[in-house]
1. So how compact is the range 32-219: Cα radius of gyration and Dmax in angstrom?
2. Can you work out D for the chain in µm² s⁻¹ from Stokes-Einstein, where Rh is the Kirkwood radius over C-alpha pairs, the temperature is 20 °C and the viscosity is 1.002 mPa s?
3. Once you have the Cα-Cα distance between Trp241 and Leu65, take 0.36 nm times their residue separation minus that, and quote the gain in nm to one decimal.
4. So what's the angle, to the nearest 10 degrees on a 0 to 90 scale, between helix 278-290 and the longest Cα principal axis of the chain?
5. Please report Met243, Met320 as a ranked list, fewest other C-beta atoms within 10 angstrom at the top and most at the bottom.
6. Determine the percent antiparallel among the DSSP beta bridges restricted to the range 1-133, to the nearest 5.
7. Would you calculate, for the chain, the mean residue ellipticity at 222 nm contributed by helices, counting each DSSP H stretch of 4 or more residues as -39,500 (n - 2.57) and dividing by all residues, to the nearest 500?
8. In the neighborhood of Ser207, defined by Cβ-to-Cβ distances under 14 Å, what is the net charge if each Lys or Arg adds +1 and each Asp or Glu adds -1?
Amino acid sequence: MQQFYKRALVILVLLIIASAIGAYVCVQRAFPEMFLLPAEEDSVLWLSDLRTDSRDDGGDSTIHLVDDRFSLNFKFFVTETAAYPFSSISLLFKDAAGEESLTDLSRYEELTFNVRCAPNNVLSFSLYTFDEHTSVTGKYLTYRGPIGFFSCKNEWAQVRMDLTRLDTPQWWFDMFGQELSRKGYNLQKVAGLTFASTFQSPKNTESEVIISNIKIAGEQWSYIYALCVFLALIWLGFVIWLMRQHTRFLIKDLEEKVQRDRPLVAYQQLSVEPHREKERAQVLSFMATEYSNSELNLESMVTKLGVSRTKINDILKSEMGYTFTTYLNKLRLAEAARLIAEKDVNVSEIAYLVGYNNVSYFNKLFKEEYGCTPKVFKNLCGSKK
C-alpha cells in the first residue's frame, strides 16, 4: 500500500496546485480592476485635455492643470458670459504613438475615485463612447457622452460611478437627431472620460479639485461558475480514482499477504523435513496439524508432546520468530483468509473451522492482521472475480 499512498500524495499535491492556479486565474478574470491614476504597467495610456466655454461658445471661463501624475489636480474659474459655461478636464486614451485609441471597457462596471473640492462643488463625470450612427474618429463632440453627477467637499470622500447606468444628455439626441429610446451605449469603444463643472458649480470663484486613485473594476461571475465546475470535476474524479485505486491496491496487498502466510499452513510439508532434531520436528508438525483445534493451547501441547513450554517457545521463536500465541493466530488467520477467498462459506463458520469459538474475537484479530474485516476481505475477493 505504500506505493498507493505515495502516488495518491503526489496527485493530491498536483491537484492542490492546479486548484490554486485555476482559482487565482478565475478570480483575477472574474473581478478585473485597473488603476488609471496612478497609472499601472498594464493600464491604458492617456493624455489630459483641458477645455472651457472659451473655445467654442464665446465664454471666458478658465481651467489650469496643477498635476496629472500622482493625482488629477486642477483649478478652474467659471464665469457667466457663455450661455452654457463650463470647464472640463478629459483623460483621452492614446496608443504608444500618441494617437487616439478606442479602449474596450466592457469588462468593467464601476469607476471609483477619491475627491476633494474647495469650495464645495457639484461636478459631472462622463464617458466618450463611440456611437456607430454619429461618431467621427477624433471629433469628440460626435461621441455619445453618458453622464453622471457627484458632489464634493473640502474633506476627502470616495465616489462610485456605475459605468453601465449613466444617462445620455438630451442635447446629444437633439443635436444628432437620434430617438430618445436609444438609451444604450457601447463600452467596447471608449475614447476617454471627462470631469467637468455643472450649472451648480460656483460662478466667478476659483475652484480647486483634487481627484486620486481613479480605478475601474468589474464582476464576471461566469469565471467563478466555471471555477466551481472545474474544481468539482477534478476533485470528484480524484475521489473516484482514489476509491478505485485503493480497492485495487488493497486487493493486491492482501493477495501478497495471503501468499506470504500460506506456507505457514503447509509448514508440515515444506519445512519439517530439514529439521533434524526430534523436538523441533514434533513441535512444528504438531502446530501445523492441530492449529484448527479450538482447545489447543500451550499447556495441552506440553502434555501431548512431553516437551517443556520453555522449549516450545524457544523453538517457535528461533524457527518462526513468533511466540506460541502469535504463531498459532498466524496459522489460523492465514487459513481463514484462504477459505474466505476460495470458498463460499459464512464468516462465522470459517471462524469455528480454524479454531475460534468467539467470532467477534476472530474479526478483531483478522482486522489487525489484514487491515480489514473478514466481510470486507470477502467482498474484495469477490469483486476481483
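Readers should treat all values here as calculations from the given coordinates under stated rules, not as data from a laboratory. Nothing here was measured: the structure is a model prediction, and the numbers come from that model. Reconstructed Cβ throughout: ideal geometry from the backbone, glycine too, with neighbour counts over all protein chains shown.
1. Radius of gyration, then largest Cα-Cα span, for the range 32-219: 15.9, 44 Å.
2. Value of D from the Cα-based Kirkwood radius: 74 µm²/s.
3. Using 0.36 nm per residue and subtracting the Cα-Cα distance, I get 56.9 nm.
4. For helix 278-290, the angle is close to 60 degrees.
5. Lowest to highest Cβ neighbour count: Met243, Met320.
6. Antiparallel: roughly 100 percent of the beta bridges in the range 1-133.
7. -14500 deg cm²/dmol
8. +2
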